[in-house]
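Peer 1: This is the structure I have questions about; it appears just below.
Laboratory data are not the source of any read-out in this text; all were calculated from the coordinates shown. Quantities reported herein were computed from a predicted structural model and do not represent experimental measurements. All Cβ positions, even for glycine, are placed from backbone atoms using ideal geometry, and neighbour counts span all protein chains on display.
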Amino acid sequence: MPVNLTRNAIAMMNSGDVNSKPLVQVVDIKLIGNSQERYRFLLSDSESTQHAMLATQLNEQVRTGRVKKGSIIQLIDYICSTVQNRRIIVVLNMETIIPEYEIIGNPKLPTGSEPEANKSMPNNNLLEPSTRSTNNRYSAPAPANKAQSFQPTIQPAYQPPPNYKIQGPIMKNEAPARIIPIAALNPYQGRWAIKARVTAKGDLRRYNNARGDGKVFSFDLLDSDGGEIRVTCFNAVVDRFYNVIEVGKVYLISKGSLKPAQKNFNHLKNEWEIFLESNSTVELCPDEDGSIPRQQFSFRPITEIESAENNFILDVIGIVISVNPSVPILRKNGMETQRRILNLKDASGKSVELTLWGDFCNKEGQKLQEMVDSGLFPVLAVKAGKVNDFNGKSIGTISSTQLFIDPDCPEAQGLRAWFESGGRNTASISISKELMPGGSKNEIRKTLTQIKDEGLGRSDKPDWVTAKATVVFIKTDNFCYTACPLMIGDRQCNKKVTQSGPDSRPYRTHLGNSFPGSWRRNLGMLGKGNVFVEI
């Protein structure tokens with residue numbers, strides 16, 4: 001069936017047109033890139049050709065064969081950028097009109113195209129005038145008077161939001177950038193803008209390295225197409241935007257730089273990360289955009305956590321069946337924090353321990369404990385929990401974790417319905433250390449009598465056990481000792497020191513050596529009750 005392509009489409013796109021939604025033909029496809037799969041097209045309007053890069057979210061159309069050499073496609077969303085002194089079309093969205101068709105017309109490369117472009121095409125004679133028979137897919141098209149014309153729809157020109165402020169005359173490259181999806185961001189674009197909602201905001205952190213002191217914070221964005229990306233700000237840029245950014249608000253962001261995401265600290269499914277600079281713009285969108293969700297989850301059933309790797313970041317949702325009290329924990333760096341452990345279960349028949357750290361214990365953790373103590377069993381959604389595989393699998397919170405109690409989402413509603421219809425009384429097997437069947441000694445609870453009868457803790461190597469008991473006596477005399485205040489790296493020694501003179505100085509170390517004079521002066525100020533070490 002003869003087809004008319006959009007006349008002069010290549011020339012119009014090279015001139016800056018982004019609204020005509022032209023009908024073009026794919027005359028070549030090439031897979032490029034080492035670190036990431038990307039496809040390069042050679043597009044034709046039957047007279048001219050132009051190289052184009054396919055946005056990564058459209059790769060599936062090539063893999064599944066929906067788009068191939070000869071396909072007739074309509075470009076829905078696209079831009080034309082200059083890369084290394086040549087023009088390249090970046091295809092952000094498209095529609096396949098005819099999956100397979102013969103090469104139309106006599107397309108030739110436009111003037112100024114890369115000289116080696118033809119070398120990337122395995123069949124260069126596609127650009128030659130066709131003289132083959134009509135039963136060949138590359139035969140010449142039928143006469144134009146019998147051609148069927150596909151009229152592309154017209155996309156209205158982008159209008160900047162009303163809150164975009166133009167100060168002074170618009171100079172070159174100072175006009176509002178065109179809004180594109182987050183998934184389409186790539187280094188081939190010169191100017192871009194994204195409209196997205198802030199789903200998480202990190203704390204302001206300070207650091208010190210060879211370049212000096214600094215500060216940094218980051219926040220996560222989600223757009224209407226489900227694309228997510230992290231934005232990071234350093235030093236002076238922090239002062240500009242830290243108080244501006246609010247979780248849940250929608251912003252228009254432009255003039256940032258794209259760099260590869262640091263996967264050790266960034267769990268989002270995006271290979272890029274935005275770094276805001278001194279000329280970057282962040283503008284609040286005053287009108288609520290209902291097309292952008294407030295949060296996006298990718299829940300894993302608890303049973304799948306068993307096979308997850310250590311330190312893996314995932315989303316999980318479950319019914320809170322128990323909450324333990326918050327307890328203080330001394331970290332390796334000598335700082336004290338809070339820890340609270342609760343248990344989640346879901347319809348997979350498994351349960352898992354969730355460990356809350358720091359502020360999570362006093363905020364969401366306290367609310368969960370009050371709900372469970374009152375007979376309520378809330379649904380808890382965990383965004384970006386970290387898998388721990390020490391003695392079974394468990395989940396822990398990190399700085400970027402978010403907790404949602406009884407969230408309004410289909411998964412929570414389905415879980416609540418299952419629990420109320422009988423799931424409450426369904427037994428579940430814990431994948432965490434407390435109830436692991438056949439586990440080692442520290443994975444199974446022991447009574448105090450069992451510990452004594454089995455002689456645990458009396459060998460050269462330590463025996464680890466879990467016990468639940470009631471405190472019936474607390475020794476009040478000699479509950480502390482004078483500890484060594486010396487710093488070993490970033491932590492205090494804390495080993496016991498003994499008095500070696502009648503005047504309470506000097507002290508002897510746990511190694512039997514006296515302290516130098518300066519240390520003795522510091523230790524002379526110490527006494528019973530001044531330095532505490534938990535026994």
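Peer 1: Give me the net charge of Val18's neighbourhood, meaning all other residues with Cβ under 14 Å from the Cβ of Val18; Lys, Arg count +1, Asp, Glu -1.
Peer 2: Numbers: positive: Lys21, Arg87, Arg178, Arg191; negative: Asp17, Asp77.
That sum, taken over residues with Cβ under 14 Å, equals +2.
Peer 1: Can I ask one more? Computed on alpha carbon atoms, what radius of gyration and Dmax characterise region 268-351, expressed in Å?
Peer 2: Gyration radius and largest Cα-Cα distance of region 268-351: 19.5, 53 Å.
Peer 1: Which pairs, out of Lys215/Lys386; Lys269/Lys383; Lys393/Lys452, put more than 18 Å between their alpha-carbon atoms? Before the final figure, lay out each step's value.
Peer 2: Numbers: Lys215/Lys386 25 Å; Lys269/Lys383 13 Å; Lys393/Lys452 29 Å.
Flagged as over cut-off: Lys215/Lys386; Lys393/Lys452.
Peer 1: While we're looking at this one, here's another question. Stick to the Cα atoms of region 299-430, pair each with every other, and give me the Kirkwood hydrodynamic radius in Å at one decimal. Display every interim value, and only then the final one.
Peer 2: Working: mean 1/r = 0.0670 Å⁻¹.
Its Kirkwood hydrodynamic radius stands at 14.9 Å.
Peer 1: While we're looking at this one, here's another question. Residues with beta-carbon under 9 Å from that of Asp220, excluding Asp220: net charge, scoring Lys, Arg +1 and Asp, Glu -1?
Peer 2: Working: positive: Lys201, Arg230; negative: Glu228.
That sum, taken over residues with Cβ under 9 Å, equals +1.
Peer 1: Okay, moving on. Taking the Cβ of Leu403 as the centre, find all other residues whose Cβ is under 14 Å away and add up their charges (Lys, Arg: +1; Asp, Glu: -1). It would help to have the intermediate numbers written out before the result.
Peer 2: Details: positive: Arg340, Lys363, Lys367, Lys383, Lys386; negative: Asp315, Asp359, Glu364, Asp406.
Neighbourhood net charge equals +1.
Peer 1: Let me ask something additional. Scaled to the compact-protein estimate 2.2 N^0.38 Å, what is the alpha-carbon radius of gyration of region 9-98, rounded to two decimal places?
Peer 2: Working: Rg = 12.1 Å, N = 90, 2.2 N^0.38 = 12.2 Å.
It is 0.99.
Peer 1: Quick one: which residues, 5 or more positions from Val316 or on another chain, have an amide H under 5 Å from its amide H? H modelled 1.01 Å from N in the peptide plane, none for Pro or chain starts.
Peer 2: Arg300, Val382, Ala384, Gly385
Peer 1: Rounded to two decimal places and with Rh computed the Kirkwood way over Cα pairs, what is Rg over Rh for region 182-284?
Peer 2: On the way: Rg = 13.1 Å, Rh = 13.9 Å.
Taking Rh as the inverse mean 1/r over Cα pairs, Rg/Rh reads 0.94.
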